[in-house]
Amino acid sequence: MLIIPIKDGENIDRALKRYKRKFDKTGTVRQLRARQAFTKPSVTRRAQVQKAQYIQGLRDSLES
């Protein structure tokens, strides 16, 4: 459960924005969507490798 303390005189829109940001960081929606359909372990592994290659390419381009 997320708890968002609201300070005296704080705008409700700002508190709602903080709640949404905190909710996004927990990854609840992403986890629910991932559980809707089964993904094979090989597909998951392939996605991880592709992500690692992409990040490594970005780091290599920054060093050059």
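The values are calculated or read from the model by the stated rules, or taken from the named source; none is laboratory data. Owing to the predicted nature of the structure, the values given are computational and were not obtained by experimental measurement. Note: ideal-geometry Cβ built from the backbone for every residue, glycine included; neighbour counts use all protein chains shown. Just the protein is used for accessible areas: all its heavy atoms, side chains included, with ligands, DNA and RNA removed. Shrake-Rupley method; radii C 1.70, N 1.55, O 1.52, S 1.80 Å.
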Carbon/sulfur accessible area of the chain, % of total, 1.4 Å probe, equals 56
With point charges of +1 on the Cβ of Lys and Arg and -1 on the Cβ of Asp and Glu, referenced to the Cα centre of the chain, which listed residue (Thr26, Gln56, Asn11) lies farthest in the positive direction of the dipole? Thr26
Can you tell me the accessible area per residue over the chain, all protein chains present, probe 1.4 angstrom, in square angstrom? 101
Counting Lys and Arg as +1 and Asp and Glu as -1, each charge on the Cβ, what is the dipole of the chain about the Cα centre in debye, to the nearest 20? 320
Based on DSSP H runs of at least 4 residues, each adding -39500 (n - 2.57), what is the mean residue ellipticity at 222 nm of the chain after dividing by all its residues, to the nearest 500 deg cm²/dmol? -24000 deg cm²/dmol
Mean Cβ-within-10 Å packing, highest first, puts peptides 12-24, 41-53 in the order 12-24, 41-53
Please report, in Å, the Rg and the Dmax of the chain, where both are computed over Cα atoms only. 18.8, 52
What distance in nm lies between label points placed 7 Å from Cα along the C-beta direction at Thr28 and Leu2? 0.7
With 0.36 nm assigned to each residue of separation and the Cα-Cα distance removed, Ala52 to Arg14 gains 10.1 nm
Mean Kyte hydropathy of -1.0 or more with a Cα span along the axis of at least 15 Å, helices from DSSP in the chain: 41-63
